[in-house]
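What follows is one structure encoded as structure tokens, with my remarks underneath.
Here, each number is a calculation from the coordinates, and none is a lab measurement. From a predicted model like this one, the values you see are computed outputs, not experimental measurements. Counting neighbours? That spans all protein chains shown, and the Cβs are built from the backbone with ideal geometry, glycine included.
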Amino acid sequence: MRINLIHVICLFILSYDTFSQEPFMFHYSVKDGLPSTEVHSIFEDSKGYIWISTDGGIAKYNANTFKIFDSSGGLPDNTVFEVFEDRRQRI
């Protein structure tokens, strides 16, 4: 019983000095290249691109820059509620 108590005390002392890792987050806005501040959905495709549907079109993010798809580029409307990928890996 004495050995178990010593182990528990040592465990508490060692765990007191350990720190957990904070979540890693970025905050992107219109200044960074998003087409709108209102985001409806976020989707990661099979190639690793992040697709963000907004009121100003769709943004494709490649970990560096945003590429915007909107009505001037062929979308019927700028407001997009959801993005998905089909079985043939088409967005």
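Laid out as a table, the results:
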| quantity | calculated |
| --- | --- |
| Phi-based couplings in Hz for segment 46-53 (Karplus 6.51, -1.76, 1.60; Gly and Pro marked x) | 5, 8, x, 6, 9, 10, 10, 9 |
| For segment 58-64, 3J(HN,Hα) per residue [Karplus equation, 6.51 cos²θ - 1.76 cosθ + 1.60, θ = phi - 60°, Hz, x = Gly/Pro] | 10, 10, 9, 10, 10, 6, 10 |
| Cβ-derived FRET efficiency at R0 25 Å, ASP45 paired with MET25, nearest 0.05 | 0.75 |
| Surrounding net charge for ASP45, when Lys and Arg each add one and Asp and Glu each subtract one, Cβ distance under 14 Å | +2 |
